[in-house]
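Shown next, in structure tokens, is the structure this report addresses.
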Amino acid sequence: MLLRKSGLHERKMKNGKFVTMGIESSCDETSVSIVLDGREVLSNIISSQIKVHKAFGGVVPEIASRHHLENINSVTDSAMEEAGVSWEDIDLIGVTYGPGLVGALLIGIASAKAYSLAKNIPLVGVHHIQGHISANYIAHPELEPPFTALVISGGHTNIVEVEDYNECRVLGSTRDDAAGEAFDKVARVIGLGYPGGPLIDKYAKEGNPQAIEFKRVYLEKGSLDFSFSGIKTSVLNYVNSMKQAGKEIPVADVAASFQASVTEVTVNKTVGAAVSMKKDRIVMAGGVAANSELRRQMQEACKKKGIKLFCPPPVLCTDNAAMIACAAYYKYKAGGKDDLTLDAFPNLPL
Amino acid sequence: MNILAVETTGAHASAAIINEKEEITEIRGDGVLNHLQSITVMIDEIVKERLSSIDDVDVIAASEGPGSFTGIRIGVSTVRALAQALGKPVIAVPTLQTFVFNNPDFEGIVCPIFDARRSEIYGGAYAKEIIHVEKEHGDDSENEEAIEEIVVGAAYDIGEYLDRLSQELRERCREDMSESELLQIRFFGDGIEKYRPRIEEWADAQRELGRKYDITYAEEEPFQTATSVSKLALRLYNEGKTVSPYELRPNYMRKAEAERKLEEAQKTKGSER
């Protein structure tokens with residue numbers, strides 16, 4: 001470890017690379033990362049609370065906040081140790097300041113501000129969605145804006161027009177549940193447990209996506225918004241009617257049919273947006289972007305339209321601090337800077 | 001030796017620095033900004049006012065709770081991160097006990113009560129206690145000041161709290177009171193606003209029972225202050241009660257709602273919602 005440390009330090013000094021510490025605590029992942037020049041990840045420590053929240057069938061904000069507080073300092077130590085950096089090496093601290101659970105966000109923000117004050121390091125607040133999009137800059141070194149982005153996770157479902165690193169416009173959002181939320185709720189209804197996304201993905205592989213016809217909700221003509229609560233209710237009604245009839249629920253078929261419904265709408269709207277905005281690249285981000293069927297269908301649809309698709313590897317799809325460090329780097333380069341009054345914004349608009 | 005003390009558990013946030021001579025400087029929030037926005041700024045200001053560098057802070061003390069869960073977490077996570085980056089030890093200061101320092105001239109029993117919602121309070125009862133320490137050799141004896149915990153700090157139903165208080169005070173009345181003397185009892189904290197009628201009722205009943213209490217409500221410094229946190233922190237420091245920042249934990253005095261409900265559900269097995 002010592003050798004690696006000094007070796008890295010030398011290289012950094014030689015190359016004069018810019019060291020960013022990213023901090024993420026907007027939901028149930030406590031993460032700290034060290035990134036060089038915005039794109040080269042030296043460490044990306046993610047402490048997940050999935051096991052803690054499993055007993056409750058979903059993320060409990062109060063419990064998430066309590067765990068963030070207890071975890072964050074050792075996660076920071078691990079990230080610095082793995083990267084082989086000391087406090088004196090760090091040029092910038094980037095922290096998620098919204099959207100997210102306010103009690104969870106504030107642990108990352110309070111810690112980031114304390115680090116910034118103690119070591120006199122510049123501070124930048126990062127929008128969580130901007131972070132998710134930036135995960136693609138880490139995964140694909142050649143990728144630069146502009147492009148169309150689909151941000152799809154347990155907390156968000158947005159189609160975003162990305163014009164530049166710090167310039168983007170939301171074209172469509174969910175009007176009720178986020179896609180990942182619908183996955184979690186449906187998984188609970190058919191008895192798969194929590195978290196629902198990976199479990200539905202897994203069971204759907206064994207099922208028939210045409211077995212049950214669930215609603216495809218496109219809303220008004222031309223709208224790029226989403227609505228997933230209707231699909232969730234259809235699944236619930238179907239399951240109840242099966243139960244009342246004393247029939248066994250075909251779990252794999254329900255998973256596959258539900259997933260097909262969400263995927264079809266999401267792919268059509270995203271590709272449609274890229275085509276109408278004359279973009280030849282689509283970027284996917286967020287936890288649900290790890291869904292294998294969504295990736296497959298998006299790839300297929302993009303191919304037909306001559307669009308190039310970018311997806312981060314699964315570890316960069318989930319909430320992580322490397323993506324926050326990356327977004328912070330580009331925001332700081334463009335003159336973005338925050339002071340010690342930085343606050344948490346649970347509903348921060350993009 | 002400089003201790004930085006941080007108080008964010010109540011409605012007003014504050015930061016203070018105390019040294020071994022008990023010289024204190026304090027900054028309080030103007031209430032315009034929330035604690036997350038204001039506390040790091042206050043720390044920055046007080047360090048600049050009092051010290052030449054933040055590295056001159058030797059120990060950092062956090063008001064550990066009870067109080068607002070969010071408020072406690074803002075203070076505790078700020079202190080943990082500051083101490084981690086500066087490489088300094090921390091002190092966990094029990095918030096209810098700090099009230100023995102709020103009214104320095106008051107000699108009686110200090111009863112801080114915080115509104116804990118769900119018709120409960122976080123409360124305790126404390127008194128400054130002078131302990132005479134007899135030395136084994138020679139005739140010199142020393143006086144040491146300690147805090148006596150008369151009612152242990154916890155979440156209570158207000159009735160339960162007042163019952164415990166009368167129980168403990170009954171014994172106290174017998175022991176050390178002359179006929180003409182009244183036992184001084186003073187209430188502090190944001191629980192007064194909601195529960196004052198209940199306390200008055202209780203006080204009347206006590207008087208009817210012949211208890212000689214003089215009950216007052218704090219007019220000066222009725223709420224948490226970093227000054228009082230720093231005073232208790234200095235005593236805890238002198239007792240060697242510093243820990244690493246990783247060991248500093250909030251003292252919520254209550255489980256998370258979801259945890260409580262899950263446990264209840266597990267107790268009454270089979271009851272689904």
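Just one of the listed residues (B:Ile215, B:Ile185, B:Ile192, B:Ile199) is among the β-branched types (Val, Ile, Thr), open to solvent by less than 50 Å² (accessible area, probe 1.4 Å) and touching an Asp or Glu at 6+ places or on another chain (Cβ under 8 Å), and it is B:Ile185. Across segment A:278-286, not a single residue is classified as surrounded by fewer than 21 Cβ atoms within 10 Å (Cβ to Cβ) and of a type in the set (A, V, I, L, M, F, W, C). Reported count of residues in segment A:154-187, each being assigned to a loop (DSSP other than H, G, I, E, B) and open to solvent by 10 Å² or more (accessible area, probe 1.4 Å), is 8. On the given criteria, is B:Pro112 open to solvent by 30 Å² or more (accessible area, probe 1.4 Å) and away from chain A (no Cβ under 14 Å)? Criteria not met by B:Pro112.
Filter segment B:243-272 down to the residues that are away from chain A (no Cβ under 12 Å) and basic (Lys, Arg), then identify the one that is nearest to A:Ser65 (Cα to Cα). Per the criteria, the residue is B:Lys267. Checking A:Leu123 against (1) more than 27 Å from A:Phe228 (Cα to Cα); (2) of a type in the set (A, V, I, L, M, F, W, C); (3) more than 14 Å from chain B (Cβ to nearest Cβ): exactly one of these is not met. Which one? The single condition A:Leu123 does not satisfy is (3). Quick one: would you say A:Leu236 is surrounded by fewer than 23 Cβ atoms within 10 Å (Cβ to Cβ) and outside the structural domain of A:Lys221 (by TED's automatic domain parsing)? It is false that A:Leu236 is surrounded by fewer than 23 Cβ atoms within 10 Å (Cβ to Cβ) and outside the structural domain of A:Lys221 (by TED's automatic domain parsing). Identify the residue in segment A:43-74 that is open to solvent by 10 Å² or more (accessible area, probe 1.4 Å) and farther than 30 Å from B:Glu264 by Cβ and, among all such residues, is nearest to the other protein chains (Cβ to nearest Cβ). It comes out as A:Ser74.
The residue that is nearest to A:Val217 (Cα to Cα), among those in segment A:255-311 that are acidic (Asp, Glu) and part of a helix (DSSP H, G or I), is A:Glu264. Among the residues making up segment B:82-91, those that are open to solvent by less than 10 Å² (accessible area, probe 1.4 Å) and either more than 7 Å from chain A (Cβ to nearest Cβ) or free of Cβ contacts under 8 Å to residues at least 24 places away in the same chain (or both) are B:Ala83, B:Ala85, B:Val90, B:Ile91. Every condition in (1) over 30 Å from B:Tyr156 (Cβ atoms); (2) within 14 Å of another protein chain (Cβ to nearest Cβ); (3) surrounded by 18 or more Cβ atoms within 10 Å (Cβ to Cβ) is met by B:Ile3 except one, and the failing one is (2).
The values are calculated or read from the model by the stated rules, or taken from the named source; none is laboratory data. From a predicted model like this one, the values you see are computed outputs, not experimental measurements. Positions of Cβ are generated from backbone atoms using ideal geometry, with glycine treated the same way; all protein chains shown enter the neighbour counts. Quick note on the areas: whole protein, heavy atoms, side chains included, nothing else; ligands and nucleic acids left out. Shrake-Rupley method; radii C 1.70, N 1.55, O 1.52, S 1.80 Å.
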